[in-house]
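Notes follow once the structure below has been shown.
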Amino acid sequence: MPTVDLAATELRALNQALHELSDGTNESRWEIVNPRGSHAVAVGVNAPVEIDIRGSLGYYCAGMNRRAKITVHGSVGPGVAENMMSGEVVVKGDASQYAGATGQGGLLVIEGNASSRCGISMKGIDIVVRGNIGHMSAFMAQAGHLVVCGNAGDALGDSIYEAKLFVRGSVKSLGADCIEKPMRPEHIEVVAKLLDRAGITDIKAQEFRRYGSARKLYNFNIDHADAYG
């Protein structure tokens with residue numbers, strides 16, 4: 001298992017080595033130590049490998065991830081797993097703003113809390129947050145699932161499209177065109193599977209409430225013209 005010490009190795013060299021990995025590599029497990037809050041660590045990985053990062057990071061960790069499983073044993077700055085396509089990213093600590101932004105696939109697990117704009121413009125990614133999320137989360141979220149085991153801040157799901165939001169705790173306020181919807185058996189099944197994938201076994205899917213689009217903003221209707229002003 002390659003171990004890369006970022007106190008002695010340049011970040012550019014690390015990312016280049018990760019970019020050169022291909023299917024069938026015998027270097028399928030990596031460990032990164034002494035990250036010291038570095039930015040853009042393990043971005044653009046496109047190989048079925050496992051990467052453990054021992055420490056906290058700055059912005060855009062694991063951005064554009066494809067197929068890799070990346071685990072951060074610490075907290076992360078803004079934009080973790082931004083535009084992720086597939087694979088899995090696990091943050092053992094907290095995440096700053098816009099975690100999972102524009103993500104198109106894969107699973108992002110945040111075992112602590114997430115700050116504002118979690119899941120902004122998500123396009124198919126699944127996000128599970130063990131703790132709370134901040135304001136304007138899932139703004140303009142188009143597809144995917146956001147599961148929040150704690151509470152949500154102001155303006156949840158503002159201008160949402162067809163992403164599905166599930167919150168176990170309280171929601172401070174809902175954004176424009178976001179409403180509470182019935183929690184049907186198929187939604188309980190979705191949440192149960194995501195909790196299982198995230199390794200969360202002490203919370204039941206039946207404890208969540210579902211939120212989504214009222215579909216009054218993104219499909220123009222002359223009868224609702226006043227809502228567009």
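Just to be sure, is L217 modelled with pLDDT of 95 or more, of a type in the set (A, V, I, L, M, F, W, C) and on the phi < 0 side of the Ramachandran plot?
For L217, the condition - modelled with pLDDT of 95 or more, of a type in the set (A, V, I, L, M, F, W, C) and on the phi < 0 side of the Ramachandran plot - is not met.
Return the residue satisfying two criteria in turn: it lies in the stretch 184-199 and is touching a residue at least 40 places away in the same chain (Cβ under 8 Å) and of a type in the set (G, A, S), and of such residues it is nearest to L107 (Cα to Cα).
The selected residue is A198.
Checking the conditions here, which among D177, D154 is farther than 16 Å from K204 by Cα and either loosely packed, with under 15 Cβ neighbours inside 10 Å or out of contact with any strand residue (DSSP E or B) (no Cβ under 8 Å at 6 or more places or on another chain) (or both)?
Details: D177 fails: either loosely packed, with under 15 Cβ neighbours inside 10 Å or out of contact with any strand residue (DSSP E or B) (no Cβ under 8 Å at 6 or more places or on another chain) (or both).
Answer to the selection: D154.
Do we have E180 as charged (D, E, K, R), outside any strand (DSSP E or B) and over 20 Å from D196 (Cα atoms) here?
no
Considering only strands (runs of 3 or more DSSP E) fully contained in the stretch 76-176, which possess at least 1 residues that are modelled with pLDDT of 95 or more and charged (D, E, K, R)?
The qualifying strands (runs of 3 or more DSSP E) are 88-91, 123-129, 164-167.
Residues in the stretch 140-159: is at least one among the polar types (S, T, N, Q) and over 15 Å from the mean Cα position of the chain (by Cα)?
Yes, some residue in the stretch 140-159 is among the polar types (S, T, N, Q) and over 15 Å from the mean Cα position of the chain (by Cα).
Any chance the stretch 191-205 includes a residue that's modelled with pLDDT under 95 and not in a helix (DSSP H, G or I)?
The answer is no, given that none of the residues of the stretch 191-205 is modelled with pLDDT under 95 and not in a helix (DSSP H, G or I).
In the stretch 63-71, is there at least one residue being outside any loop (DSSP other than H, G, I, E, B), more than 27 Å from M122 (Cα to Cα) and more than 13 Å from the chain's Cα centre (by Cα)?
no
Looking at the structure I just gave you, is M122 buried (at least 20 other Cβ atoms within 10 Å of the Cβ), over 23 Å from R36 (Cα atoms) and within 12 Å of the chain's Cα centre (by Cα)?
yes
Mind listing whichever residues of the stretch 157-174 are crowded, with 17+ Cβ neighbours inside 10 Å and more than 14 Å from M140 (Cα to Cα)?
Residues of the stretch 157-174 that are crowded, with 17+ Cβ neighbours inside 10 Å, as a first pass: 157-161, 163-168, 171, 174.
Within the stretch 157-174, F166, V167, R168, V171 qualify.
Being touching a residue at least 24 places away in the same chain (Cβ under 8 Å), farther than 13 Å from G212 by Cα and of a type in the set (D, E, K, R) is the filter here; which residues of the stretch 150-183 pass it?
Result: R168, K172.
Mind telling me which of the residues R210, R184 ends up being of a type outside the set (F, W, Y) and more than 25 Å from E82 (Cα to Cα)?
The conditions single out R184.
Please verify whether the stretch 43-52 includes one or more residues that are out of contact with any strand residue (DSSP E or B) (no Cβ under 9 Å at 6 or more places or on another chain) and within 23 Å of G105 (Cβ to Cβ).
Scanning the stretch 43-52, I find at least one residue that is out of contact with any strand residue (DSSP E or B) (no Cβ under 9 Å at 6 or more places or on another chain) and within 23 Å of G105 (Cβ to Cβ), so the answer is yes.
Please pick out the residue among V72, V89, V33, V41 that is free of Cβ contacts under 8 Å to residues at least 60 places away in the same chain and in contact with a Pro (Cβ under 8 Å, 6 or more places away or on another chain).
V41
The values are calculated or read from the model by the stated rules, or taken from the named source; none is laboratory data. Note that this is a predicted model, so its numbers are computed, not measured. As a convention, Cβ positions derive from the backbone with ideal geometry for all residues, glycine included, and neighbour counts pool all protein chains shown.
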